[in-house]
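Let me begin by presenting the structure, written as structure tokens, before commenting on it.
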Amino acid sequence: MAEQGSTLAPVVQEAGKAMRHPDFDEFVAARSGRLLRTAYLLTRDHGLAEDLLQTALAKAWFSWTRIQGDPEPYLRKVLVNTYATWWRRRWNGERPVDQLPEDSTADHAEAAGVSQDLWTALGRLPRRQRAVVVLRFFEDLSEAETARVLECSSGTVKSQTSKALAKLRVDPAVVAPTSDEIGEAR
């Protein structure tokens, strides 16, 4: 029995060595901050962003030896695809409540005091448009790179970007109040 244990020990040690990817560890140490930022911009939640990045890194680890070239675009694609599967599975529609919320903008004075908030406006975008905006403008990817990550055509990226920017231009969170509105609020 002791003889079998001694013959298995080197096999187990070799299997452990084969499962290590030192370059993966270096990549994670060097680029996880940037990838976490992308995950946060997609999810808008610190905890979900960390979970999303961890899931994407786990998926990438298994195929690490097959990745050719710079692994960051591959990992970004895994990140966006994983995020997409999460929101496809979870229904984010209306939820019934006992009491209806009060209208928070009934008073124009309150509406004029609302600060410009791009973050709120991004949250109002549909998820696909938000993903395009994050990849194009926060990650500074080209249309072609964004199309590759989202697995769609460049035309789709252009149209989704156009629609997202049109929505952001009229979103009350980012539209500055006019001088007439400020005067009425006083």
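The values are calculated or read from the model by the stated rules, or taken from the named source; none is laboratory data. All values derive from a computational prediction rather than experimental measurement. Don't worry about glycine lacking a Cβ; one is built from the backbone with ideal geometry, like all the others, and counts go over all protein chains shown.
Within the stretch 132-148, which residues are at negative phi and out of contact with any Leu (no Cβ under 6 Å at 6 or more places or on another chain)? The answer is Val132, Val133, Arg136, Phe137, Glu139, Ser142, Glu143, Ala144, Glu145, Ala147, Arg148.
What number of residues in the stretch 136-145 are under 20 Å from Gly33 (Cα atoms) and either small (Gly, Ala, Ser) or in a helix (DSSP H, G or I) (or both)?
Summing the residues that are under 20 Å from Gly33 (Cα atoms) and either small (Gly, Ala, Ser) or in a helix (DSSP H, G or I) (or both) in the stretch 136-145 gives 3.
Residues in the stretch 31-54 that are more than 27 Å from Ala121 (Cβ to Cβ) and at pLDDT 90 or above: Gln54 alone.
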